[in-house]
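Input: a single structure, listed below in structure tokens.
The values are calculated or read from the model by the stated rules, or taken from the named source; none is laboratory data. Quick caveat, the model's predicted, so the values are computed rather than measured. Counting neighbours? That spans all protein chains shown, and the Cβs are built from the backbone with ideal geometry, glycine included.
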Ligand code: PEP
Ligand code: MN
């Protein structure tokens, strides 16, 4: 339930609503907005009788949120959420944020080469995994902590913000120390204890759609993070498993406008894991920007044939430069821009 206060309602009137909600045994979440303040009621399982609140001074109306997810829904918050991160960057506003880099951090030379290449092409965020959730226990599992230190080094050298994955609650704090955005991967989308812990982080979370998760399941997973008090969640469409093995996954382009309809959270697209094939990444990146994606997550490797993971879908640096150029034109055509690196922004 959402209590919408009148424009100009006083702080005392808002406080009164909060007190009554708490007296009723629920939690109250006051949310000051540009036009008016709303107070969300959480902790209920089912419809709450709002008649006691409706007649309080300063209350304009009571809205019952009809979706199973509450705080992530558009009903709860009409304005799009803009997630601040790194050094003055934002995701979810007019600018489309491109995050790019190799699947895994492999060694110093490799990550620095990739960081320089994506920075030069105009990306603002370096993405690479230090901890890798691999399907086979015999595949490269990532460098772990030394990988995080290399990411930190790449940030210092290029000024790129960092997105990197936490695969469990144990590594989450170490990841959050280095990451500007903490990624929770597809395989962990329903790891509810990890989501809860991520909800208590002071860092934005990039939550990827599960291997065959519905949009409702994705939004409910985001709800876990918001319910713990972290409003800065970025969703990611990365394809879902389908009957057809011709591509690695089935890229669900319609998830982008659908999530924008159902939720105020931003959504980015990952055409690399969605297709699994290098030659399909640029066309799907163009399509995602045209569909309204708030960002892209793209795998790029200076030497993809020698990549320790996901080489087949990793772009060569010159292909990534083409992707940047082409998506810039598409962003402009729909009244957006591709976010520029810090130096260029000044
Ligand atoms: C990744 O981003 O490198 C990754 C492992 O992706 P996903 O969780 O979407 O499979
Ligand atoms: Mn990968």
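Computed quantities for the displayed model
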item: Among residues of segment 10-51, those that are surrounded by 19 or more Cβ atoms within 10 Å (Cβ to Cβ), modelled with pLDDT of 95 or more and in a loop (DSSP other than H, G, I, E, B), counted; result: 0
item: Whichever residue in segment 235-266 is closer than 26 Å to residue 43 by Cα and in contact with a helix residue (DSSP H, G or I) (Cβ under 9 Å, 6 or more places away or on another chain) and, among such residues, is farthest from ligand 2 (Cβ to nearest atom); result: 262
item: Residue that is under 20 Å from the mean Cα position of the chain (by Cα) and either within 22 Å of residue 271 (Cα to Cα) or modelled with pLDDT of 95 or more (or both), where the choices are 157, 165, 120; result: 165
item: Identity of the residue in segment 75-85, over 14 Å from the mean Cα position of the chain (by Cα) and closer than 30 Å to residue 164 by Cβ, that ends up surrounded by the fewest Cβ atoms within 10 Å (Cβ to Cβ); result: 79
item: Residue match in segment 292-312 (condition: more than 23 Å from residue 108 (Cα to Cα), within 15 Å of ligand 2 (Cβ to nearest atom) and in the same structural domain as residue 105 (by TED's automatic domain parsing)); result: yes
item: In segment 225-238, the residues that are away from ligand 1 (no atom under 13 Å from the Cβ), within 9 Å of the chain's Cα centre (by Cα) and either assigned to a loop (DSSP other than H, G, I, E, B) or without any contact (Cβ under 8 Å) to a residue 40 or more places away in the chain (or both); result: 232
item: Test for residue 272: is it within 12 Å of ligand 1 (Cβ to nearest atom) and within 17 Å of the chain's Cα centre (by Cα); result: yes
item: Some residue of segment 120-136 being in contact with a helix residue (DSSP H, G or I) (Cβ under 6 Å, 6 or more places away or on another chain), within 16 Å of ligand 2 (Cβ to nearest atom), over 30 Å from residue 217 (Cα atoms) and in a helix (DSSP H, G or I); result: no
item: Lone qualifier among 242, 272, 309, 314 - being without any contact (Cβ under 8 Å) to a residue 12 or more places away in the chain, in contact with a strand residue (DSSP E or B) (Cβ under 6 Å, 6 or more places away or on another chain) and within 22 Å of residue 134 (Cβ to Cβ); result: 242
item: Answer residue from segment 317-332, given it is surrounded by fewer than 17 Cβ atoms within 10 Å (Cβ to Cβ) and in contact (Cβ under 8 Å) with a residue 40 or more places away in the chain and is nearest to residue 269 (Cα to Cα) among those; result: 326
item: Residue match in segment 97-106 (condition: without any contact (Cβ under 8 Å) to a residue 40 or more places away in the chain, within 16 Å of ligand 1 (Cβ to nearest atom) and either under 18 Å from the mean Cα position of the chain (by Cα) or assigned to a helix (DSSP H, G or I) (or both)); result: no
item: Residue that is surrounded by the fewest Cβ atoms within 10 Å (Cβ to Cβ) [pool: residues in segment 129-159 that are closer than 18 Å to residue 173 by Cβ and out of contact with any strand residue (DSSP E or B) (no Cβ under 8 Å at 6 or more places or on another chain)]; result: 146
item: Tally, over segment 173-190, of residues that are more than 16 Å from ligand 2 (Cβ to nearest atom), within 16 Å of the chain's Cα centre (by Cα) and over 22 Å from residue 90 (Cβ atoms); result: 1
item: Residue in segment 97-107 that is closer than 30 Å to residue 13 by Cα and in contact with a strand residue (DSSP E or B) (Cβ under 9 Å, 6 or more places away or on another chain) present; result: no
